[in-house]
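Notes to accompany the following structure.
The values are calculated or read from the model by the stated rules, or taken from the named source; none is laboratory data. Just so it is clear, the structure is predicted and the values come from calculations on it, not from any experiment. Cβ sites come from the backbone with ideal geometry, for glycine too, and all protein chains shown count toward neighbours.
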Amino acid sequence: MKTHRNFIATLFIFFITWGVSLYAANLDYKLIATDELKKMLDKGTEVTVVDARNPEEYQEVHIKGAINIPEKKFAEHQGILPVDKSAKVIFYCNGVKCGKSKKAAIKAMELGYVNIYVYAEGMPVWEEKGMPIYTGPDYEKRIETTIISPVELNNLINRTEFITIVDVRDPEEFEEGHIPGSINIPVASFASKSDVLDKKKKIIVYCNSGGRSYNAYRKLIKLAYKDINQAIFADWKEAGMPIEKS
């Protein structure tokens, strides 16, 4: 009798697990790349693009024509989704490490929508590649960066388990001389290549005089990095700190 009960229990667990797996398989969204989304919009394809970020981020800048359904308030705003559950809907947020678009996509599929996409590269890459955007009055508002001095940075330079130093200049400049231990991610492709940066570490961005590293710093804020510093390579050299060449 005990063996029979164990068999029934095992069978029950199997069917529950199988059912959950089948349900999860049906909640499978498709990914779409930047160029593919741009072509779709240029062709006038009937599609609803949804910004899953918070309203403040949406008002600052968003993909032109996108609507805003904040992921955390999805239930309150789901009524603005297309009535047709087979309509093509694309969700995005702040890049590959932002989970809001994926969570919102799953919530849409739970409502019965069957043609769901996630634009994982998100707003930072869309903006970086010069795609059509809407900008609000606060878009050009200057941000205050946290500057790290050459002495402070030199004291941290070997703490690679805690920091990542990023040279945002062009590869040719990096090869001519850079801060030891730094990696090179040119600012022109910074957002699209930022997935190599660990959000648990302090990220220090630098360039020659501050202009390009300011842009990289701003992109990191939009990508939801919390611990960011800016350094100036001219100050580093002036302080007589070591320089590494490729």
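Here is a yes/no grid of residues against (1) closer than 22 Å to residue 123 by Cα; (2) touching a Ser or Thr at 6+ places or on another chain (Cβ under 8 Å):
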residue	(1), (2)
195	yes, no
214	yes, yes
217	yes, yes
222	yes, no
241	no, no
245	no, no
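Can you tell which of 199, 237, 245, 193 is surrounded by fewer than 20 Cβ atoms within 10 Å (Cβ to Cβ), of a type in the set (Lys, Arg) and touching a Lys or Arg at 6+ places or on another chain (Cβ under 7 Å)?
199
Condition check ((1) more than 18 Å from the chain's Cα centre (by Cα); (2) without any contact (Cβ under 8 Å) to a residue 12 or more places away in the chain) across all residues:
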| position | (1), (2) |
| --- | --- |
| 116 | yes, no |
| 121 | no, no |
| 129 | no, no |
| 159 | yes, yes |
| 194 | no, no |
| 205 | no, no |
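Anything in the range 40-57 that is more than 13 Å from residue 115 (Cβ to Cβ), part of a loop (DSSP other than H, G, I, E, B) and touching a residue at least 12 places away in the same chain (Cβ under 8 Å)? List them, or say none.
The answer is 52, 53, 54.
Residues are listed down the side, and each one gets a yes or a no for (1) at pLDDT below 95; (2) farther than 30 Å from residue 84 by Cα:
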position: 112; (1), (2): no, no
position: 116; (1), (2): no, no
position: 160; (1), (2): yes, yes
position: 164; (1), (2): no, yes
position: 171; (1), (2): no, yes
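Hey, among the residues in the range 83-100 that are within 15 Å of the chain's Cα centre (by Cα) and among the basic types (Lys, Arg), which one's modelled with the highest pLDDT?
Going through the qualifying residues, I end up with 100.
Identify the residue in the range 224-246 that is touching a Phe, Trp or Tyr at 6+ places or on another chain (Cβ under 9 Å) and aliphatic (A, V, I, L, M) and, among all such residues, is nearest to residue 171 (Cα to Cα).
Among those residues, the one meeting the criterion is 243.
Can you tell me which residue is nearest to residue 219 (Cα to Cα) among those in the range 157-187 that are surrounded by 15 or more Cβ atoms within 10 Å (Cβ to Cβ) and of a type in the set (A, V, I, L, M)?
By that ranking, first place goes to 187.
From the residues in the range 65-82 that are in a loop (DSSP other than H, G, I, E, B) and within 18 Å of the chain's Cα centre (by Cα), which one is surrounded by the fewest Cβ atoms within 10 Å (Cβ to Cβ)?
70
Aliphatic (A, V, I, L, M) and within 21 Å of residue 122 (Cα to Cα): which single residue out of 185, 157, 148, 163 fits that description?
185
Of all residues in the range 1-56, which are hydroxyl-bearing (Ser, Thr, Tyr) and modelled with pLDDT of 50 or more?
3, 10, 29, 34, 45, 48
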